[in-house]
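The values are calculated or read from the model by the stated rules, or taken from the named source; none is laboratory data. Since the model is a prediction, treat every value here as computed from it, not as a measurement. Positions of Cβ are generated from backbone atoms using ideal geometry, with glycine treated the same way; all protein chains shown enter the neighbour counts.
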Amino acid sequence: MDIGIGLPNAVRGVGRAGIVDWAQRAEAAGFSSLGTIDRIVYANYESLIALAAAAAVTERIRLATDIMIAPLRSNTALLAKQASTIDHLSGGRLVLGLAPGGRPDDYEVSGVDFHRRGRIFDSQLEELTRLWRGEGGVGPAPPSGRPGLLVGGRADASYRRAARYADGWTSGGGGPEAFAQGREEVRAAWREAGRDGEPRTLALNYYALGDDADEVARTNLGHYYAFAGEYAGAIAESAAKTPEAVRDVIAAYEQAGADELILFPASHDPTQVDLLADAM
């Protein structure tokens, strides 16, 4: 199982060091991917722009949106071009994780109908496939025909979308047991769609390490997930906060069959990269 690390693009107070220095340290430490989390109504860095900055200062590490809310990018041709540009500039390192998301305020401020997000997403996946085939003249051409593509979500439609359009599925949070159940669902959809091989599956978990790990996780994750009410506390509690807990989380997802686990930080301090590498 590959182990990636999230960029702190959605951690309060993030600055240049949390993207540029972080990306360089992550590549030097040998992590498989740099991941981003997406929202509009929050003081986070936009995912593709953050990954473009990371791409400019790295050479090997994959660049993954986990996930990006596709229907909020209502100009699908522009989304295809932006993704192709990063993929081209990075030498084919982009993995585009896409999903419809679930926050009405992001849709309201974007002028997109929240209740049509599933239908919009289906249309986008069709259009992205067509554009990346070269139809419409939108370039540059991605090095491998299109960027890596994963579909996120746990609705039945998510598994069908992953099987029809993508290289696999990304689970988001929820823990190893929920991941294992989703993995079986997407594998069944894959077989039903007549796809060869196995879908690539990706999971995420939060972490915070150091003397103030509990406070950092509670404060920053609690703020980001405040919209979720009491569930925000459960997310903060689920973060791995000791080296032993990090190793336990890795083992659990490996046992559940994940191809890659991205550990997302609750802090924007670049020393968290080194602490995670040491914990592993």
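A few remarks follow.
- Checking each residue in region 251-273 for being in a helix (DSSP H, G or I) and either among the charged types (D, E, K, R) or within 17 Å of the chain's Cα centre (by Cα) (or both) picks out 253, 254.
- Residue within region 46-54 that is farther than 18 Å from residue 166 by Cα, over 14 Å from the mean Cα position of the chain (by Cα), modelled with pLDDT of 95 or more and surrounded by 24 or more Cβ atoms within 10 Å (Cβ to Cβ) present: yes
- Note on region 95-122: residues that are touching a helix residue (DSSP H, G or I) at 6+ places or on another chain (Cβ under 8 Å) and closer than 28 Å to residue 260 by Cβ total 12.
- Counted residues, region 170-222 - those being among the hydroxyl-bearing types (Ser, Thr, Tyr) and either over 19 Å from residue 249 (Cα atoms) or assigned to a helix (DSSP H, G or I) (or both): 1
- All positions within region 7-41 that are more than 16 Å from the chain's Cα centre (by Cα), over 14 Å from residue 265 (Cα atoms), hydrophobic (A, V, I, L, M, F, W, C) and assigned to a loop (DSSP other than H, G, I, E, B): 41
- Cβ separations smaller than 6 Å between residues 6+ apart or across chains give the following pairs from region 114-127 residues that are surrounded by fewer than 20 Cβ atoms within 10 Å (Cβ to Cβ) to residues that are β-branched (Val, Ile, Thr) and part of a helix (DSSP H, G or I): 127/76.
- Boolean, residue 228 is over 27 Å from residue 27 (Cβ atoms), surrounded by 19 or more Cβ atoms within 10 Å (Cβ to Cβ) and at pLDDT below 95: no
- Inside region 231-268, residues that are surrounded by fewer than 17 Cβ atoms within 10 Å (Cβ to Cβ) and in contact with a Ser or Thr (Cβ under 6 Å, 6 or more places away or on another chain) make up a count of 0.
- Among the candidates 143, 100, 104, residue that is surrounded by 13 or more Cβ atoms within 10 Å (Cβ to Cβ), under 29 Å from residue 60 (Cβ atoms) and of a type outside the set (Asp, Glu): 143
- Set side by side, the residues 163, 141 differ, and just one is of a type outside the set (Val, Ile, Thr) and at pLDDT below 95, which is 141.
- Checked against (1) touching a helix residue (DSSP H, G or I) at 6+ places or on another chain (Cβ under 9 Å); (2) closer than 23 Å to residue 33 by Cβ; (3) not in a loop (DSSP other than H, G, I, E, B), residue 233 passes all but a single condition, namely (2).
- Residue match in region 208-225 (condition: in contact with a helix residue (DSSP H, G or I) (Cβ under 7 Å, 6 or more places away or on another chain), without any contact (Cβ under 8 Å) to a residue 40 or more places away in the chain, surrounded by 16 or more Cβ atoms within 10 Å (Cβ to Cβ) and over 21 Å from residue 13 (Cα atoms)): no
- Number of positions in region 158-197 that are among the hydrophobic types (A, V, I, L, M, F, W, C), out of contact with any helix residue (DSSP H, G or I) (no Cβ under 6 Å at 6 or more places or on another chain), surrounded by fewer than 18 Cβ atoms within 10 Å (Cβ to Cβ) and closer than 21 Å to residue 122 by Cβ: 1
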